[in-house]
């Protein structure tokens, strides 16, 4: 089931929980089915790689890992502060 999230690719977000709490970064990719996003410079992991065409030397490479969307808040560009969104259900007029 694909849901609509408050975060999309290119948004500036702030982490509100975990090891990187308080850090800000740009959303590089969103995975709606897993409810996760990759944020630039956040949740860095060390990946061990064999030598290949892209990395002829091989070795340990630092890269971003996905982080759960519930741990991210969008930053309002006008105030430069994190904003929490609420989804309201409007009453229907019969």
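Observations, loosely collected:
- Candidate values (1) 22, 19, 10; (2) 23, 15, 13; (3) 33, 16, 11, label of the one derived for semi-axes √(5λ) of the Cα gyration tensor in Å: (3)
- By average C-beta atoms within 10 angstrom, highest first, the peptides 22-34, 53-65: 22-34, 53-65
Since every read-out is calculated from the coordinates, none of them should be taken as a lab result. Keep in mind the model is a prediction, meaning the values are calculated, not measured. Note that each Cβ is placed from the backbone with ideal geometry, even for glycine, and that neighbours are counted across all protein chains shown.
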